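Reviewing the structure listed below.
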Amino acid sequence: MEVVAIYGSPRRGGNSEVMMDTFLQEVNPSDRVNRIVASQLHLGFCRGCRSCENTGHCVQKDDMSQVVEFLLLADRVVVSSPVFFYAFPSSLKVLIDRIQVLWSRKYLLKEEMKPKKGFLLAVGATKGKKLFDGIILTTRFFFDGFGCKYSGECVFRGYDKKGEIADCRECREEIRQAACSFLG
Ligand SMILES: Cc1cc2nc3c(=O)[nH]c(=O)nc-3n(C[C@H](O)[C@H](O)[C@H](O)COP(=O)(O)O)c2cc1C
């Protein structure tokens with residue numbers, strides 16, 4: 001099985017990275033994990049030029065071709081991210097917008113895509129009721145753009161300091177259990 005892990009935070013070693021690494025501990029050693037750190041990619045933002053609607057390819061030649069290759073091969077996709085202003089950090093949002101190329105292939109050019117499942121891990125510092133509404137909705141449509149079925153999320157409120165979620169035993173247990181059923 002091919003697993004793609006998308007790290008959404010520009011802060012390395014932070015809470016969402018701890019969450020992702022906890023999740024990935026449940027991956028079977030015979031499976032392959034392709035890791036994508038959004039903030040370390042060289043990606044131009046989507047220009048909205050609509051070229052991909054006719055060609056199925058982006059006019060920009062950058063790290064997105066590797067991302068697309070990983071996602072098309074994937075059986076499982078996991079995104080782990082903090083909430084920034086009730087949305088995704090901008091480096092991850094750039095990647096998401098560039099998925100328009102796969103959306104075009106799927107919906108306009110009628111390309112068949114390997115079925116896959118996706119999962120969201122998310123964390124925020126505050127306790128707002130709607131804290132994760134925005135990124136859950138964005139993730140659903142991001143996943144749908146490349147034939148990936150949204151299969152659930154683990155979200156945690158009230159974590160701000162770098163890596164402090166590692167001290168939360170219940171959080172790690174919840175993530176491990178979710179990973180087992182998602183990857184199984
Ligand atoms: C630019 C920025 C915007 C943020 N916006 C929010 C927000 O809207 N709501 C919230 O609860 N936390 C917000 N936070 C806090 C982060 O979500 C929180 O610190 C999280 O644990 C960071 O995860 P990380 O360590 O993986 O980067 C923001 C942090 C930054 C740096």
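Computed from the coordinates by the stated procedures, all read-outs in this text should not be read as laboratory data. Note that this is a predicted model, so its numbers are computed, not measured. Cβ placement follows ideal geometry from the backbone for every residue including glycine, while neighbour counts extend to all protein chains displayed.
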Checklist entry - Each residue of the range 56-63 in turn: what ³J(HN,Hα) in whole Hz from Karplus with 6.51, -1.76, 1.60 and θ = phi - 60°, glycine and Pro shown as x? => result x, 9, 8, 6, 8, 9, 7, 5
Next on the checklist: Using only Cα atoms and rounding to the nearest 10 degrees, what angle (0 to 90) does helix 133-144 make with the longest principal axis of the chain?
Outcome noted: 40 degrees
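Quote the FRET efficiency, to the nearest 0.05, computed for Phe85 versus Ser51 with a Förster distance R0 of 41 Å and r equal to the Cβ-Cβ distance. It would help to have the intermediate numbers written out before the result.
Working: r = 30 Å, r/R0 = 0.74.
Result of the calculation: an efficiency of 0.85.
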Checklist entry - Which of these, Phe23, Phe88, Phe141, has the largest mean-square fluctuation under a Gaussian network model of the chain (Cα springs below 10 Å)? => result Phe141
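Among the listed pairs Lys61/Lys93; Lys93/Lys117; Lys61/Lys114; Lys61/Lys117, which are separated by more than 22 Å between their Cα atoms? Kindly include the intermediate steps, with their values, before the conclusion.
Values: Lys61/Lys93 18 Å; Lys93/Lys117 20 Å; Lys61/Lys114 24 Å; Lys61/Lys117 27 Å.
Table pairs above 22 Å Cα-Cα are Lys61/Lys114; Lys61/Lys117.
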Next on the checklist: Check which residues have an amide H placed less than 5 Å from Tyr150's amide H, if you skip close sequence neighbours.
Outcome noted: Gly118
Checklist entry - Among Gly145, Val68, Val4, whose Cα sits farthest toward the positive end of the charge dipole of the chain (+1 at Cβ of Lys/Arg, -1 at Cβ of Asp/Glu, about the Cα centre)? => result Gly145
Checklist entry - What is the chain's relative contact order, in percent, from Cα pairs under 8 angstrom and six or more apart in sequence? => result 30 percent
Checklist entry - Once both axes come from the Cα atoms, what is the angle between helix 15-24 and the longest principal axis of the chain, in degrees from 0 to 90, rounded to 10? => result 80 degrees
Item to check | Part-to-part distance (alpha-carbon centres) for the range 1-55 and the range 91-141, which is given in Å | outcome: 11 Å
Checklist entry - Full extension from Gln25 to Trp103: what is 0.36 nm times the residue separation minus their Cα-Cα distance, to one decimal in nm? => result 25.0 nm
Item to check | Reachable lysines from Lys161, criterion Cα separation under 18 angstrom, eight or more residues apart if same chain | outcome: Lys127
Next on the checklist: Helix 169-183 against the longest principal axis of the chain: what's the angle in degrees, Cα atoms only, rounded to the nearest 10?
Outcome noted: 40 degrees
Checklist outcome for this item: Most exposed to least, judged by fewest other Cβ atoms within 10 Å, Thr139, Thr55 sort to Thr55, Thr139
Checklist outcome for this item: Sorted by chain and number, the residues with a modelled amide H under 5 Å from that of Val123, at a separation of 5 or more or across chains, are Ser81, Val83, Phe156
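Please arrange His42, His57 by how many other C-beta atoms lie within 10 Å of their C-beta, fewest to most. Walk me through the intermediate numbers first.
On the way: His42 7, His57 14.
With the fewest neighbours first, His42, His57 line up as His42, His57.
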Checklist outcome for this item: The long-range amide H neighbours of Arg35, using H built 1.01 Å from N in the peptide plane and a cut-off of under 5 Å, are Ala5
Checklist outcome for this item: antiparallel share of DSSP beta bridges within the chain, to nearest 5, in %, is 5 percent
Checklist entry - What do the square roots of 5 times the Cα gyration tensor eigenvalues come to for the chain, in whole Å, largest first, as semi-axes of the equivalent ellipsoid? => result 27, 18, 14
